[in-house]
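What follows is calculated from the coordinates using simple rules that are stated; it is not laboratory data. Source: prediction; values computed, not measured. Methodologically, a virtual Cβ is constructed for each residue, glycine included, from the backbone with ideal geometry; neighbour enumeration extends over all protein chains shown.
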Amino acid sequence: MPFPPFSYRDRNLYVEDVELEQIARSAGTPVYVYSATAIAERYRRYDEAFGSTPHEVFYAVKANSNLSILRLLAAEGAGFDIVSGGELYRVLRAGGRPEKVVFSGVGKTREEVEYALSSGIHSFNCESESELTLIDSIASRLGVKARVAIRVNPHVDAQTHPYISTGLRDHKFGIDITAAEDVYSRALQLEHIVAEGVSCHIGSQLLDTAPLKEALDAVLALVGRLRARGVPIRHLDLGGGLGVPYKPDQVEPDVTAHVQDVCARCAGHDLKLMMEPGRSIVGPAGALLSRVLYRKSTESKEFVVVDAAMNDLIRPALYQAYHEIVPLRAHMPGTVVADVVGPVCETGDFFARDREMANVLPGDFIALCTAGAYGFVLASNYNTRPRPAEVLVEGASWKFIRTRETYEDLVRGEE
C-alpha cells in the first residue's frame, strides 16, 4: 500500500487531489511527483515542536535540491544545510537567506569557502583542523570573522546502512570527541575564527532515536568541558538522520516527541539548538512514476521491465534499498512474484527482486513510493538516458518544476 500523502480513491492512486495517471500520461514517464502540502507540513512539524526554545531548522539540501522545493521551504522560514558551493548557489537562487545557511561536508574547496564567506552564511560545520586553518586564512583576506562549529564524532553506532552511517571512528566525518577539546583550544588562537558551536551527525535513516539520545548526552558533556576551558559555545547542531518508513511494517519516529525530548535534555544549557532534517521532510512526499514495458519469463524468474532505471533512482542498486511498488490503478487481478527491472545494461539495474506485487501488464503505470529524497539528486545520464521530469502537486493542480531532458541536453558542453 502507498503511504500518505498518496492514497487510492475509487481504485485510482492520487496525491493530494490529483490522479497520478493523469500526470503519467500528460508528463510522460519516468517522472518524479512531489506533494507541496506534505513537504510544508513535514517541515512545520520540526519547527513547531521546538516551541519557545531558541532554534533553527536547516533543511538538508542534498536530499532534494529542486529550486521550487527550496523556494517552498524558504517561504516557510527554513534555513538550509549545504555541502557544496553548487547547493549554496541553488539556495540563493531560490530566495534562501544566506544568514540561514550552514555549510557542512569534509572536503570544502578554497573557492567554495570564499563563496560562502562572501555570501555571508551563518556558519561552517568543520571536520578537520586543516579546514579550520583554510577558513581562517580566507576570512583574514576578506576581512571577516567566520563562525564555526566543529563536527565531533561521538563513536555512536547509528545502526543503519554502512554507507549512511557517519558517527564511528573509522568514518571520514568529524573529529574524534576525545580530541575535540584540544582542537577547540587551538581554534581559539585563530584570529578570524569564532568557534561558537558544536556539531554532531551520526547517520541517516534512523528509525530508533536511542542512538541520537546517546550522542546528544555525549555532546552535552563535551559542551560543559569546553565552557570550563573558556570556549564560548553558543549553539548545538544535532544534524538530521530521522528515518521514514519504506516498508509497510516500519513505523516512522515521532518527530514532535523526539524534538521535545532534545529540548528537555538541553534545558538549562543556554544553547541555540539546530537540526538538519532532509529525508524526513521530503522522502514520503515524493514518488517516481514509471510505465511497464514488457513482461518476461524464464524457467526460474518472472520479470517486470519498466521504463525507469537505476540512473533515475539508484537507491535499490546502491543501498539495497526497499521501495514499495504499487499500481496507479488498483484493479489488476491477482499478484505476481517478480523482479522489477529497468532498461540499463547492468544486472544491478533493479528496483525489486522476488517481490510479490500487483500483476501489472505492459502499458500499466506503477509508482515507486517514498522517492522524494535521494531520488532525482542521485540521477545520472548513464547509458545516455535523459534524466526524468519533476512535477509539484498542490491541491488539485500540478506543474512541471523540471522539464525532461532532451537528447540535445545530453551533449551540451561537449566538443
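The table for this structure:
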read-out	value
In the chain, lysine pairs with alpha-carbon atoms under 30 angstrom apart (chain gap of 8 or more, or interchain)	28
Per-pair calculated FRET efficiency, R0 = 56 Å: GLU299 and ALA221 via Cβ, rounded to 0.05	0.40
Proxy reagent accessibility, fewest Cβ within 10 Å first, across VAL336, VAL244	VAL336, VAL244
Sorted by Cβ density within 10 Å, fewest first, the residues PHE50, PHE80	PHE50, PHE80
Inter-probe distance in nm under a simple model that places probes 7 Å from Cα toward Cβ, at ASP261 and ARG141	4.6
Gap separating the Cα centres of region 214-262 and region 26-62, nearest whole Å	19
Two-site FRET efficiency, THR347 against SER52, from Cβ-Cβ distance with R₀ of 41 Å, rounded to 0.05	0.15
Highest to lowest packing among 118-129, 293-304, scored as the average C-beta count within 10 Å	118-129, 293-304
Estimated distance in nm for a label pair at ASP10 and ASP176, the labels positioned 7 Å out from Cα along Cα-to-Cβ	6.5
Relative contact order of the chain, defined on C-alpha pairs under 8 angstrom at six or more residues apart (%)	20
Label point distance in nm, ASP339-ARG229, each placed 7 Å from Cα along Cα→Cβ	5.4
³J(HN,Hα), Karplus 6.51/-1.76/1.60, whole Hz, each residue of region 319-330, x for Gly, Pro	10, 6, 6, 9, 10, 4, 10, 10, x, 6, 10, 8
Dipole magnitude of region 172-211, debye to nearest 20 (Cβ charges: Lys/Arg +1, Asp/Glu -1, about Cα centre)	140
Charged-residue dipole, Cβ positions (Lys, Arg, Asp, Glu), the chain about Cα centre, Debye nearest 20	440
Angle between the chain longest axis and helix 210-228 axis [Cα atoms, degrees, rounded to 10]	20
For the chain: rounded, prolate or oblate by the Cα gyration tensor [a/c cutoff 1.5]	prolate
Top positive-direction residue, dipole computed over the chain with Cβ charges, set GLY86, THR29, THR335	GLY86
For the chain, share of DSSP beta bridges that run antiparallel, in % to the nearest 5	50
Region 282-297 residues near the modelled ASN383 label - backbone nitrogen below 14 Å, point 7 Å along Cα→Cβ	291-294
Phi-based couplings in Hz for region 357-372 (Karplus 6.51, -1.76, 1.60; Gly and Pro marked x)	8, 4, 7, 6, 10, x, x, 6, 10, 10, 10, 8, 7, 6, 10, x
Ascending count of other beta-carbon atoms within 10 Å, so fewest first, for PHE3, PHE103	PHE3, PHE103
